[in-house]
Amino acid sequence: MLRRFALIWGFLWPVAAPACDVALVLAVDVSGSIDPLEFKVQQTGLAAALRDGAVVDALVTGESAVAMLQWTGEGRQALSVPWMRVRSGAEAEQLARAVEVAPRRWDMYSTAIGDAMVASRQLFRDAPDCRRRIVDISSDGISNEGGAPSGARAILAGAGITVNALVIETDEIDLTAYFRKNVITGAGAFVVTANGFEDYPGRIRQKLIRELAVQVSGLGP
């Protein structure tokens with residue numbers, strides 16, 4: 001009788017939602033087309049965005065988790081900042097600092113976007129239990145090595161992972177259209193365009209706010 005009552009009570013009692021809103025992978029392109037100064041612009045711009053008040057508020061409110069992956073050619077992806085929870089301003093600063101000082105892993109290889117997407121998916125095996133899982137991929141070029149991004153996109157879509165992108169337009173290729181067609185996936189997935197590396201810091205801030213802050217108001221018990 002007691003066992004039956006316990007089972008009924010278990011069905012009636014509401015299941016708590018994950019405290020973490022977003023598990024976010026920052027997948028940063030370090031291929032050979034990005035020179036040392038351009039890499040530094042990305043690194044410092046991303047760290048500054050993670051210190052922005054609106055971004056910090058969204059991360060802390062959502063008790064979110066963030067990791068950073070550096071990627072370039074086929075088989076060359078490395079976790080440079082492991083999963084970090086952000087539940088306070090101090091933890092947000094620790095995350096920004098970790099991004100700011102992470103050494104560059106490669107500087108002379110091709111652009112394997114599909115491989116980077118698959119590697120990002122694998123990182124979620126060790127991520128906290130969060131309501132949403134997002135890959136935030138940035139690049140200044142189309143994929144020219146490794147698996148096709150369209151195939152990787154199908155894999156991530158099947159796993160319920162959203163992929164957003166920040167593209168850095170530096171030539172005549174319509175990179176924004178390429179990423180829309182081949183890379184992004186998931187409900188509300190989007191591409192943000194930076195017109196050159198000098199435009200990157202402001203655009204990555206805008207992108208993080210769009211990914212994080214808009215959703216926080218929907219959090220509930």
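The values are calculated or read from the model by the stated rules, or taken from the named source; none is laboratory data. Predicted model, so just to flag it, every value in this text is computed and none were measured. Positions of Cβ are generated from backbone atoms using ideal geometry, with glycine treated the same way; all protein chains shown enter the neighbour counts. Quick note on the areas: whole protein, heavy atoms, side chains included, nothing else; ligands and nucleic acids left out. Shrake-Rupley method; radii C 1.70, N 1.55, O 1.52, S 1.80 Å.
At-a-glance table
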{"item": "Flag if E198 is surrounded by fewer than 15 Cβ atoms within 10 Å (Cβ to Cβ), modelled with pLDDT under 95 and outside any loop (DSSP other than H, G, I, E, B)", "result": "yes"}
{"item": "Selection count, the range 1-36, where residues are hydrophobic (A, V, I, L, M, F, W, C), surrounded by fewer than 19 Cβ atoms within 10 Å (Cβ to Cβ) and either in contact with a strand residue (DSSP E or B) (Cβ under 8 Å, 6 or more places away or on another chain) or modelled with pLDDT of 95 or more (or both)", "result": "1"}
{"item": "Residue in the range 156-163 that is of a type in the set (A, V, I, L, M, F, W, C), modelled with pLDDT of 95 or more and surrounded by fewer than 21 Cβ atoms within 10 Å (Cβ to Cβ) present", "result": "yes"}
{"item": "Count of the range 40-75 residues which are touching a helix residue (DSSP H, G or I) at 6+ places or on another chain (Cβ under 9 Å), assigned to a helix (DSSP H, G or I) and either touching a residue at least 40 places away in the same chain (Cβ under 8 Å) or among the charged types (D, E, K, R) (or both)", "result": "17"}
{"item": "Residue count for the range 171-189, restricted to those that are assigned to a loop (DSSP other than H, G, I, E, B) and either touching a strand residue (DSSP E or B) at 6+ places or on another chain (Cβ under 9 Å) or open to solvent by less than 10 Å² (accessible area, probe 1.4 Å) (or both)", "result": "6"}
{"item": "Any hit, the range 180-193, residues being within 15 Å of the chain's Cα centre (by Cα) and either under 21 Å from Y109 (Cα atoms) or in contact (Cβ under 8 Å) with a residue 60 or more places away in the chain (or both)", "result": "yes"}
